[in-house]
Amino acid sequence: MSKCIHCQKIYKNATSFRKHYLICDILHNKDEEQMSLKDLTTIVKQLVKDNKDKTKRIKYLESKLNNTKNINLIEYLNENINNIKSFNSFVQCIELNKEEIKLIINNGFTNGIIKLFMKIISKCDEDELPLKAFNERNYLIIYDGKIWSKMSIEDFNMYIFDIQRKMMNYRDTMAEEDGDFGSDECLKIGEIIYGGVNRDNKIKMIYQSIYSRIKIKGRYFVNNQYKII
Ligand SMILES: [Zn+2]
């Protein structure tokens, strides 16, 4: 058994000890004496080998760390994000003004509602948004004020109804003010309020589109949360 006089590490194997000592001695040696080419070669070989081993090990550890298949993202959200407003109040807070109505009329029901949602989402602080989507899960996840859970298409449909109701209110207020229920704008809003045929497909398309636009890598999301600021 050999003990390194610099770092007190103990080696059973003489070759291992020699390799360690060569490098440890340089690290601890204050005077700049010339090394032999033989020593240098041994050191470089050892460093290259160490580096290869470490790179392998880091890759292995990273793959372990990045494996979010084992992380329950909904559970993670429930444990870590629970002091924001609910998705329901988020939708209730959506204000429809002239600009938003124009956006919906110009783009039609499906794209109009997608654009409306994306506009509101882009204004909201990411940490405060009660809606999440991850690459690893192919659905939207919402916060109801108490828990995060998967949002079904049926649930989503109810929120779209809320928006359509808001449009109805906007139209009625506008028509009453103008005293004209037959204006172009009124009729156009009317078409969208009723959603037209194939509502189920349209709702699915809106759902999918919002999912695709806001989805992020779950593993990045979780790793970022561990960053110490
Ligand atoms: Zn040592």
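The values are calculated or read from the model by the stated rules, or taken from the named source; none is laboratory data. These numbers come from a predicted model, not from an experiment. Backbone-built Cβ (ideal geometry, glycine too); neighbour counts: all protein chains shown.
Mind listing whichever residues of the range 173-198 are part of a helix (DSSP H, G or I) and within 35 Å of the chain's Cα centre (by Cα)? Across the range 173-198, the qualifying residues are Ile189, Ile192, Ile193. No other residue among Leu77, Leu116 is outside any strand (DSSP E or B), buried (at least 19 other Cβ atoms within 10 Å of the Cβ) and in contact with an Asp or Glu (Cβ under 8 Å, 6 or more places away or on another chain) apart from Leu116.
Of the residues screened, Tyr211 is one that is surrounded by 14 or more Cβ atoms within 10 Å (Cβ to Cβ) and part of a helix (DSSP H, G or I).
Say whether the condition of being in contact (Cβ under 8 Å) with a residue 12 or more places away in the chain, surrounded by fewer than 16 Cβ atoms within 10 Å (Cβ to Cβ) and either closer than 16 Å to Tyr211 by Cβ or in contact with a strand residue (DSSP E or B) (Cβ under 9 Å, 6 or more places away or on another chain) (or both) is met by at least one residue in the range 86-109. Taking every residue of the range 86-109 in turn, at least one turns out to be in contact (Cβ under 8 Å) with a residue 12 or more places away in the chain, surrounded by fewer than 16 Cβ atoms within 10 Å (Cβ to Cβ) and either closer than 16 Å to Tyr211 by Cβ or in contact with a strand residue (DSSP E or B) (Cβ under 9 Å, 6 or more places away or on another chain) (or both). Condition check for Lys188 on (1) out of contact with any strand residue (DSSP E or B) (no Cβ under 6 Å at 6 or more places or on another chain); (2) surrounded by 18 or more Cβ atoms within 10 Å (Cβ to Cβ): one failure, at (2). Filtered by the rule that a residue be closer than 14 Å to Leu96 by Cβ and β-branched (Val, Ile, Thr), the range 157-198 gives Ile160, Ile163, Thr173, Ile189, Ile192, Ile193.
Here Val48 clears all of (1) more than 11 Å from the ligand (Cβ to nearest atom); (2) surrounded by 10 or more Cβ atoms within 10 Å (Cβ to Cβ); (3) at pLDDT below 85; (4) not acidic (Asp, Glu) except the condition numbered (3). On inspection, Cys24 qualifies as modelled with pLDDT under 90 and within 16 Å of the ligand (Cβ to nearest atom).
Screening the candidates Arg199, Arg171 for the property of being among the basic types (Lys, Arg) and more than 30 Å from Glu136 (Cβ to Cβ) yields one hit, Arg171.
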